[in-house]
Structure formats: C-alpha cells, structure tokens
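The values are calculated or read from the model by the stated rules, or taken from the named source; none is laboratory data. The structure presented is a predicted model; accordingly, all values stated were derived computationally and were not measured. Glycine also receives a Cβ, built like all others from the backbone with ideal geometry; neighbour counts cover every protein chain displayed.
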Amino acid sequence: MSYLTSKTGRLDATFAALADPTRRAILARLASGEASVNDLAKPFKMSQPAISKHLKVLERAGLISKGLDKQRRPRRIEWAPLKEANAWIEEYRRFWEVSFDRLDLVLEEMKAEAKTANVKQQKERRNEQLKSKGRGKR
C-alpha cells in the first residue's frame, strides 16, 4: 500500500469517526485527560455496550488508545490523526483563500472597468447634448 493510499485511509477513518456527535463529545472529554469507559458513558443516555462500540470506532481510527491500568483501562486521546486531518483541511483553506483573493481582484477590475465605461458614456451623452444644442441655435 502506498503512502498516499494509507494516508487517505487514515483520513477516511478519522473523518468517519468524527462524523458522529457522540464520538466528537467523547474526544472533547478526553481532550481534558484520561477517562474510564464508565466516566465516558456518564453524560450519555446509552448503554455501556453502545459507548464501547463508539470507543472501538475511535480506536480503529487511531484517535484514542487504552491506558496501561488493567483495572480501569482508561482511554486517552491520540493527537496525530487529528493533526493530520487539520493539515489536510488547512491545505484546502489556503487554496480557497487564494481563490477568493483572486476573485476579489477580478471583481475590483470589473468595478473599475464599469466605472470607466460609465464615465465614458456620460461624456458621450454630454457631447451629444452640446452638439444638439449647437445645432438648434443656428
């Protein structure tokens, strides 16, 4: 498997795991420190097996890991996949920022051209009015 394919697979797993609000809430909780499965399950109205399924998805994506304490098996957040996802998003943010900057320039040019054309039309109308006034006086 190539580096690009493995990187894409990791990104897919990360974004799939982040797609669920329960899993995002679990990660938000783990951002403040390790927690046991019971601690993680407390704020949710779901069974411990349901929470365990969410934890397995997060583990498969590499977003969390199990601690060494065999009694509690605390989970902790793993930042590397999130940093990778952030870097991917950041590339697109920069792309769109540059694209919008270019669009702003084009719009400014169009406004300037429209203003120049408007001034030219006004001059032509004024000249026409002056010509028609001059013809009427003779």
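Summed over segment 32-53, residues that are within 14 Å of Lys66 (Cα to Cα) and assigned to a loop (DSSP other than H, G, I, E, B) total 3. Here Arg75 clears all of (1) modelled with pLDDT of 95 or more; (2) surrounded by 18 or more Cβ atoms within 10 Å (Cβ to Cβ) except the condition numbered (1).
Is it the case, given these coordinates, that Arg73 is in the same structural domain as Leu11 (by TED's automatic domain parsing) and either out of contact with any Asp or Glu (no Cβ under 9 Å at 6 or more places or on another chain) or under 19 Å from Arg10 (Cβ atoms) (or both)? In short, yes. Scanning segment 54-79 for residues that are within 15 Å of Ala28 (Cα to Cα), among the aliphatic types (A, V, I, L, M) and part of a helix (DSSP H, G or I) yields Leu55, Leu58.
Taken over segment 42-53, residues that are among the charged types (D, E, K, R) and within 13 Å of Leu27 (Cα to Cα) amount to 0.
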